[in-house]
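Take a look at the structure set out below.
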Amino acid sequence: MALLEIKNLKVFFEARNQSGKTSELRAVDGVSFELEKGEILGLVGESGCGKTTIGNAIVGMVPVTEGSIRFEGQEITALRGKSVKLFRQKVQMIFQDPFGSLNPRMSIGAGISEVLKVHKLVSGKNERSARVAELLKAVGLEAEYAARYPHEFSGGQRQRLGIARALALKPSLILADEPVSALDVSVQVQILNLLKDLQKEMDLSYLFIAHDLAVVRYMCDRILVMYLGKIVESAAATELFGKPAHPYTEALLSAVPDVDKGLKSRTQGSKRIVLKGDVPSATERIPGCPFHPRCHRVQAICSKEVPPVKDCSKGHFSVCHFAGKF
Amino acid sequence: MERNGKLLRVEGLKTWFGSEKDPIKAVDGVSFEVDKGVTVALVGESGCGKSVTAMSLARLIPSPPGFYAGGQILFDGEDVLKMSDRCLNDLRGREISYVFQEPGTSLNPVYRVGYQIMEAVKLHRKDVDAREEAIKLMSMVGLPDPETRIRAYPHEMSGGMQQRVMIAMALACRPRLLVADEPTTALDVTIQAQILELLSSLQKELKMAVILITHNLGLVADTAHMVYVMYAGRVVESGATENVLSKPAHPYTRGLLDAVPRLGVEDSAHEKPARMKGIPGSVPHPARLPIGCKFAPRCSKVQDVCRQQEPEIKCDAKGHYVRCYFPL
């Protein structure tokens, strides 16, 4: 049994345009995937593709319109009372902006202790501060920092605190939503390595949401690529970067500025694929393949028929009429 | 006035903040040169002084709190730091113009974009019809349907389109130097690719020099002829982009390169990437800089001399400069 199992998840919102007319905004439009225990699963896509909404739907921060989310075999939308609290212990989040997710008026120690108190995991003041010290040490900070306030820390340290807070409840699944995109490069690696180490030590699973393909390649075992609320390609990380089977993945990979690629293009010329236009709004209904108006491999069929899910090899699928043919 | 094709020469620029007694030295002795028509990148992490350097070029740092404590900025041989306000007004927008990171906050939300582009044209160019020129500029930067779009407000446009408007405004007077401060950081990768393509084709067409301010080494590898790596308000390494990025001499540059996750070139793309090293610690606060080499506390090759006295920047035969006692 997979740790997390999502089937045909749909999250729709009501959007209002300037003249006050409402329309349906399909943020997540029929997404299915599984996350195995001990896996780091990457979810990539550009802004507005619905990747954050999926994370929010899993923890119940946005209502699910349709579909099922199962955690350890249990349907989470059906959870009530005590079992909700237990679920929240087991699934924790790490956010992009660590400053926004720490209470500025609480010392670090008090902030982390509160979590322990609410969930009645550690009783007694001394035991709690011992646990806080242990958590701070686990994320590479000193135990004395417990008395300090969030503003006294740098961005990288704050993200470590965010991780310590998430670990406090001994979760089994962590949803990390752009955990390093607000950090400087030299600090980013420290946090990525910390997350990797913790995953091994504590037997964690991650749903790693990010827009940076290189970061996702470094972190994840398996990757889902999203476009306009749908998964367009899914593959093992090694496979996806070696043999992308969806034109969108192909274009993303070629558009990301990369040191090796940039230096190579100086002698061999640039092979960058530049997509036309902007990402359409999720309120638009695009006939056929949702990517066809921007696709560099578009054919007549793409605007007429919705492409089927095609298996390219074991565990690698792409939603494109021409998957595996380029 | 022009000498050896140098458009801009910055010599020992010091842009400080706060009181003269106890200043915060955001930029402390930065020197660099920009030839006509080339792209020069200033690269570094947040707080290294790259944006303050860029803003100083047209004296855009408000005073107080900022002040220029020394150095020269020679644009076409004339010192920007000694210019009268009137000369400055002629320089800004006409000779040097800027594109910033957040197009949404740089545009005025209550005016139509056409008006904002026309404003730049009217100010500096009496020879053309502002409206016609604005339409021409908008089509030049690839905005579809400029005759109608000229009446749009900024909020009616996407981030990529807003950045195109900003570029149109910056190019209104065909400047000889465009300073692009993280022009694509706020944009999605596919839009970023569009904007980069646009900037490089316009650069060729208009033969302007571009100073690209960025933290993204991939972007530098893609676009820049020359690169200046900055750390704690100083240039620590500079030279031709190929040399600096493929054979870095400063431990900081090496560390940065090791810290950037890679996509993997064709033959290694299917391999699992090896564990990256990163740089220990974080960028020092400009008010609490160490005494010797500013990178010494984070450096893996640090020796006693590094902690006592700051090294001078030195050059090898190929024009590759490095500020380190023990270059790699």
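Grouping the Cα pair distances of region B:32-135 into 10 Å bins from zero gives a pair-distance distribution of 11, 36, 36, 15, 1 percent in increasing distance order. In plain terms, chain B is cut at each of the trypsin sites (Lys or Arg not before Pro) found in a DSSP loop with at most 13 other Cβ atoms within 10 Å, and the longest leftover piece is B:22-125. FRET efficiency for A:ASN103 and B:GLN309, Cβ-Cβ distance as r, R0 = 51 Å, nearest 0.05? E(calc), rounded to 0.05, equals 0.70.
Helices assigned as whole DSSP H runs in chain A whose Cα atoms extend at least 15 Å along their own long axis and whose mean Kyte-Doolittle hydropathy is 1.0 or higher are found at A:108-118. Both radii are taken from the alpha-carbon atoms of chain B; with Rh as the Kirkwood radius, Rg/Rh is 0.98. Peptide A:268-274 has a mean of 3 when you count, residue by residue, the C-beta atoms of other protein chains within 10 Å of its C-beta.
DSSP beta bridges confined to chain A are antiparallel in about 60 percent of cases. Computed from the alpha carbon atoms alone, the convex hull of region A:210-326 holds 114 Å³ per residue.
What shape does the protein assembly as shown take by its C-alpha gyration tensor, where a ≥ b ≥ c are the square roots of the eigenvalues and a/c under 1.5 counts as rounded, a/b above b/c as prolate, and the rest as oblate? Here the protein assembly as shown falls in the oblate category. Per residue, the convex hull around the alpha carbon atoms of region A:195-260 comes to 101 Å³. Counting only DSSP beta bridges whose two residues both lie in the protein assembly as shown, roughly 60 percent are antiparallel. What area, in nm² and to one decimal, does the C-alpha convex hull of chain A cast on average over all directions? Answer in nm², one decimal: 19.4. For region B:143-268, relative contact order (Cα pairs under 8 Å, six or more residues apart, normalised by length) works out to 16 percent. Peptide A:231-237 has a mean of 1 when you count, residue by residue, the C-beta atoms of other protein chains within 10 Å of its C-beta. When the alpha carbon coordinates of region A:141-239 are projected onto the principal axes, the ranges are 47, 27, 23 Å, largest first. The modelled label-to-label distance between A:SER23 and B:GLU11, using points 7 Å beyond Cα along the C-beta direction, is 6.0 nm.
For B:LYS247, the aspartates and glutamates whose Cα falls under 16 Å of its own Cα, not counting residues fewer than eight places away in the same chain, are A:ASP260, B:GLU237, B:ASP258, B:ASP316. Inter-chain neighbour count for A:240-250: the average number of beta-carbon atoms from partner chains within 10 Å of each residue's beta-carbon is 2.
Counting lysine pairs in region A:1-53 that sit 8 or more residues apart in sequence, or on different chains, and whose Cα atoms lie under 21 Å apart gives 4. Does region A:106-148 come out rounded, prolate or oblate by the C-alpha gyration tensor, with a ≥ b ≥ c the root eigenvalues, rounded set by a/c under 1.5 and, if not, prolate when a/b is larger than b/c and oblate if not? Judged from the Cα gyration tensor, region A:106-148 comes out prolate (a/c at least 1.5, a/b above b/c). Checking the cross-link pairs A:LYS264/B:LYS272; A:LYS230/A:LYS325; B:LYS36/B:LYS122 against a 24 Å limit on the alpha carbon distance flags B:LYS36/B:LYS122 as lying beyond it. Need one word for region A:1-118: rounded, prolate or oblate. Basis is the Cα gyration tensor (sqrt eigenvalues a ≥ b ≥ c); a/c below 1.5 gives rounded, then a/b vs b/c decides. Since a/c reaches 1.5 but b/c is at least a/b, the shape of region A:1-118 is classed as oblate. Among the listed pairs A:LYS271/B:LYS207; A:LYS200/A:LYS271; A:LYS90/A:LYS310; A:LYS261/A:LYS310; A:LYS170/B:LYS294; A:LYS90/A:LYS125, give every one whose C-alpha distance is greater than 32 Å. Result: A:LYS200/A:LYS271; A:LYS90/A:LYS310; A:LYS170/B:LYS294 exceed 32 Å. Within a straight-line Cα-Cα reach of under 16 Å, B:LYS126 can be paired with the following aspartates and glutamates, leaving aside sequence neighbours fewer than 8 residues apart in one chain: B:ASP90, B:GLU95. Rg and Dmax of region B:173-328, both derived from C-alpha coordinates alone, stand at 17.6, 52 Å.
Remark: relative contact order (region A:106-148) = 49 percent; criterion is Cα-Cα distance under 8 angstrom and separation of 6 or more residues. DSSP assigns beta bridges within chain B; of those with both partners inside it, close to 60 percent run antiparallel.
Just so you know, all these numbers are worked out from the coordinates, no wet-lab data involved. Every value quoted in this text rests on a predicted model; they were computed, and no experiment measured them. A quick note on method: Cβ atoms are made from the backbone with ideal geometry, for glycine too, and the neighbour counts reach across all protein chains shown.
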